[in-house]
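One structure is given here, and the rest of the page talks about it.
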Amino acid sequence: MKKLVLFTIFYCCSISILFSQVNYRIVYDKLSDEVSFYKQIWLNGDLEEESVKSIHLKQNDIVVYEVVNVNPFIFSTEIYMSKTELTDQNASPIATILSGFSGFGGPALGLLTSMASRPPEPVFSSRGDVDLQQEQRLMFGTSVNNVYSEMTEILDSYRTYDQMVQVKYSKSLTQEQILANLDSLNELAEFSQIQSKYDHMISELDKLALLRDSLTFQEDDVLLADYEFIIEKVESFQEAYIDEDGNILTVDLSNDIFDVQIEDFSLSHTFKAITESRYEKYSSNDFFVIFSEIKGDDPEFYPVDFIKKISIPVAQPKAPYWVLTVQNFNPIGGMNTYNIQVVYEDWFSGDSLLVNQTKQSGGMLTFGTMLSYDFLSEKPIMPSMLFGAGISGVNKNKDQWALSLALGAGLSFQKFPFLSLNGGIGLTQGKVLKDEFYLNRAFAAPEGANEYNGYADLFTTKFRPSVFFGVGIRL
């Protein structure tokens, strides 16, 4: 019963380890285009994380994909996940000043350009007495020039603001850098006079309306043409910069600074890793970040600016594989070589032999095959364990060829895992003088031992410890 309980506990622990859920965080920096990986661990009730160089997903692992340094005023950003099967617009800057209004930049710059191309003609008084009609024309011309001047100054303020606020829509600055630029520009900006200038312009327009009714103009009167031109531009201005309540849109970089401060220049999405389904197995989970420029009113038609794809491999079951090896085996203590001399010849009683032993240094070139198993590593070099056999001594006479068994470790590179370096210990067969015979002392040759068969009956083969190093090619 006790054994059964222990076995059950062991089995449950094994299963929980095998299928345990791991939390990961992937951080993509839009500005630097760098990707960072983090492994999250619950420790004493707190979620802690450590930086890792790469990750391999298992079924139901939690992946938090985070994008940082992405400007929400210019990009609409979405994150998606897909799976690979396993096989052998930028909005006008002014749009955010007040809800329901779009850009000053275009209208302001366009109106300024249009007005600059046709300033009002000056109206001069004549010498001597000035009749009432001429005096009214002079007043009318002066008011037209005043309206022109006031609106030009107002439009220039809007254009200046539009140029300054462009930093808010930068693709290459962080949130902190945008705030720093807006703060420095805000110290130089002055937009508080826009309302008073507009009020003065409206009063001039009221004066012009009264004077217009009291004056008689010819069809080709230049003064009338100037009036109609300025009225057209005022209507265009009011359409762009006057709200439904009749108030002029005010601009203030402080509002934009506040907008930037409260916006989040990052976003994240949580996914659950999928490594297999009912019918398919997957080699990777692929994450796509789509950056679309905020242009126009319909998000579905925002133009795509950039797509970032990051593929995270699925942790596949590790299996051993065969490696073709070329190694150098060195028996510990060196290789035995024997010199046999006939010290006495006797046809009837047999020869007497003298055997001398020497140690031969140098390695034995070995060709073999080994079974290798890799251990996952986040470092560029991946360790492995090897076991196999080979034929040693192929660089020597054929009678010195021997079998070698090997057990060792190898190192291969993550970017090129097909070639590995390996080394370890082994057992190499070698020729050994049988125990019943003696070294450096004459003895009678056994029956059948002669130079024609190389005195084979004097020797036997034994495995001796050895060390090896070499290279392997993955099959």
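Nothing in this text is a laboratory measurement; each read-out follows from the coordinates by a stated rule. For clarity, every value in this text was computed on a predicted model and none was experimentally measured. Because the Cβ atoms are built from the backbone with ideal geometry, glycine has one as well, and the counts that use them run over all protein chains shown.
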- Counting only the backbone N, which residues of segment 262-285 are under 18 Å from the spot 7 Å out from the Cα of Ser32 toward its beta-carbon? 265-267
- Note on the structure: Rounded to 0.05, the calculated FRET efficiency for the beta carbons of Gln40 and Phe416 at R₀ = 30 Å is 0.45
- Note on the structure: Of the listed pairs Lys171/Lys379; Lys272/Lys308; Lys83/Lys295, those with alpha carbons more than 23 Å apart are Lys171/Lys379; Lys83/Lys295
- Note, ³J(HN,Hα) from phi for segment 316-322, Karplus 6.51, -1.76, 1.60, rounded to Hz, x at Gly and Pro: 8, x, 7, 9, x, 9, 8
- Message: Using the crude model of +1 on Lys and Arg Cβ and -1 on Asp and Glu Cβ, and no other charge, please compute the dipole size for segment 351-475 relative to its Cα centre, in debye to 20.
- Response: 500
- Task: Kindly put Thr160, Thr250 in sequence by how many other C-beta atoms sit within 10 Å of each C-beta, fewest to most.
- Result: Thr250, Thr160
- Task: Identify the residues of segment 224-255 with backbone N under 15 Å of a label point that sits 7 angstrom from the Cα of Gln133 along the Cα-to-Cβ direction, or state none.
- Result: 224
- Task: Using per-residue counts of other Cβ atoms within 10 Å, averaged over each peptide, order 48-55, 68-75, 268-275 from highest down.
- Result: 68-75, 268-275, 48-55
- Query: Can you give the extra length, in nm with one decimal, that the chain gains between Ile202 and Leu249 once fully stretched, where that is 0.36 nm per residue apart less the Cα-Cα distance?
  - Reply: 15.4 nm
- Ranking of Arg278, Arg441, Arg137 by count of other Cβ atoms within 10 Å, fewest first: Arg278, Arg441, Arg137
- Item | Hits among lysines - C-alpha to C-alpha of Lys207 under 19 Å, sequence gap 8 or more where chains match | Lys197, Lys233
- Query: List the lysines whose alpha-carbon lies under 18 Å from that of Lys431, not counting same-chain residues fewer than 8 positions away?
  - Reply: Lys359, Lys396, Lys398, Lys462
- Task: State, to one decimal in nm, how far the label point of Leu371 lies from the label point of Leu47, with both points 7 Å from Cα in the Cβ direction.
- Result: 4.3
- Query: What list of ³J(HN,Hα) couplings, whole Hz, do you get for segment 23-31 from phi and the Karplus terms 6.51, -1.76, 1.60, once you set θ to phi - 60° and write x for glycine and proline?
  - Reply: 9, 10, 10, 10, 10, 10, 8, 4, 6
- Message: Residue by residue through segment 211-221, what is 3J(HN,Hα) from phi via Karplus (6.51 cos²θ - 1.76 cosθ + 1.60, θ = phi - 60°)? Round to whole Hz and write x for glycine and proline.
- Response: 5, 4, 6, 9, 10, 10, 10, 7, 4, 9, 5
- Query: How far, in nm, would the chain grow between Ile332 and Arg441 when pulled straight, counting 0.36 nm per residue and subtracting the alpha carbon separation?
  - Reply: 36.7 nm
- Note on the structure: Here FRET efficiency (C-beta to C-beta, Ile340 to Asn395, R₀ 22 Å, nearest 0.05) is 0.40
